[in-house]
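J.: Below are the structure tokens for one structure; questions will follow.
The values are calculated or read from the model by the stated rules, or taken from the named source; none is laboratory data. What you see is a predicted model; the values in this text were computed from it and never measured. All Cβ positions, glycine included, derive from the backbone under ideal geometry; neighbour counts span all protein chains shown.
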Amino acid sequence: MEECIFCKIANKAIPAKVVYESENVTAFRDINPQAPVHILVVPKKHYESMNDLDDILLAGELLNAVKETAKKLGIQEYRTVINTGKSAGQEVFHLHIHILAGRDMKWPPG
Ligand code: 5GP
Ligand code: ZN
């Protein structure tokens, strides 16, 4: 999608601190980190949210990218979050998985 910020990052049209990449997935540092480590894992193809993800292989590639990113960054304990829809906290409508690490996390989340 032309105006989508994460499409632009995935296409390298605008810069981001990329930490991991596979054929269909990019992982980069969040611009406004909520933990010492805060990574966003996104499909290179535009999907508005989890509700639109219709590709099981890509779903696997996304989860595998989470694991590989954590491994690459040397983090063994982390939280993953997928916000789906406004009330769930989604602000960027290009599917992404948050990886948060480096501090104690509360459960249940707010
Ligand atoms: P959401 O609230 O949609 O689950 O998460 C969106 C995340 O994208 C936020 O944590 C926000 O800081 C991050 N973000 C928004 N715009 C940019 C950007 O241009 N670059 C990067 N690296 N992260 C961004
Ligand atoms: Zn997009």
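J.: For residues in the range 39-85 being of a type in the set (S, T, N, Q) and surrounded by 12 or more Cβ atoms within 10 Å (Cβ to Cβ), which is nearest to ligand 2 (Cβ to nearest atom)?
T.: Quick first cut of the range 39-85, residues of a type in the set (S, T, N, Q) only: 49, 51, 64, 69, 76, 80, 83-84.
Now drop any that are not surrounded by 12 or more Cβ atoms within 10 Å (Cβ to Cβ), which leaves 49, 64, 69, 80, 83-84.
Values: S49: 11, N64: 20, T69: 19, T80: 20, N83: 15, T84: 15 Å.
The qualifying residue nearest to ligand 2 (Cβ to nearest atom) is S49.
J.: Next question. Just checking, how many residues over the range 7-33 are in a helix (DSSP H, G or I), more than 7 Å from ligand 1 (Cβ to nearest atom) and touching a Pro at 6+ places or on another chain (Cβ under 9 Å)?
T.: Residues of the range 7-33 that are in a helix (DSSP H, G or I), as a first pass: 7-10.
Within this subset, residues satisfying the condition of being more than 7 Å from ligand 1 (Cβ to nearest atom) are 7-8, 10.
Checking which are touching a Pro at 6+ places or on another chain (Cβ under 9 Å) leaves us with 10.
Counting residues in the range 7-33 that are in a helix (DSSP H, G or I), more than 7 Å from ligand 1 (Cβ to nearest atom) and touching a Pro at 6+ places or on another chain (Cβ under 9 Å) gives 1.
J.: Looking at the range 83-97, is at least one residue farther than 26 Å from G110 by Cβ, of a type outside the set (F, W, Y) and either under 12 Å from the mean Cα position of the chain (by Cα) or modelled with pLDDT under 95 (or both)?
T.: Going residue by residue through the range 83-97, those that are farther than 26 Å from G110 by Cβ are none.
Looking through the range 83-97, none of the residues is farther than 26 Å from G110 by Cβ, of a type outside the set (F, W, Y) and either under 12 Å from the mean Cα position of the chain (by Cα) or modelled with pLDDT under 95 (or both).
J.: For the range 34-46, enumerate the residues that are assigned to a loop (DSSP other than H, G, I, E, B) and closer than 17 Å to T80 by Cβ. Full working, then the answer.
T.: We begin by selecting, within the range 34-46, every residue assigned to a loop (DSSP other than H, G, I, E, B); these are 34-36, 44-46.
Those that are assigned to a loop (DSSP other than H, G, I, E, B) and closer than 17 Å to T80 by Cβ: Q34, A35, P36.
J.: Here is a further query. Considering only residues that are more than 7 Å from ligand 1 (Cβ to nearest atom) and acidic (D, E), which ones fall in the range 89-104?
T.: Going residue by residue through the range 89-104, those that are more than 7 Å from ligand 1 (Cβ to nearest atom) are 93-95, 97, 99-104.
Selection gives D104 alone.
J.: Something else now. Among the residues of the range 54-76, are any farther than 21 Å from V18 by Cβ, in a helix (DSSP H, G or I) and within 14 Å of ligand 1 (Cβ to nearest atom)?
T.: No, the range 54-76 contains no residue that is farther than 21 Å from V18 by Cβ, in a helix (DSSP H, G or I) and within 14 Å of ligand 1 (Cβ to nearest atom).
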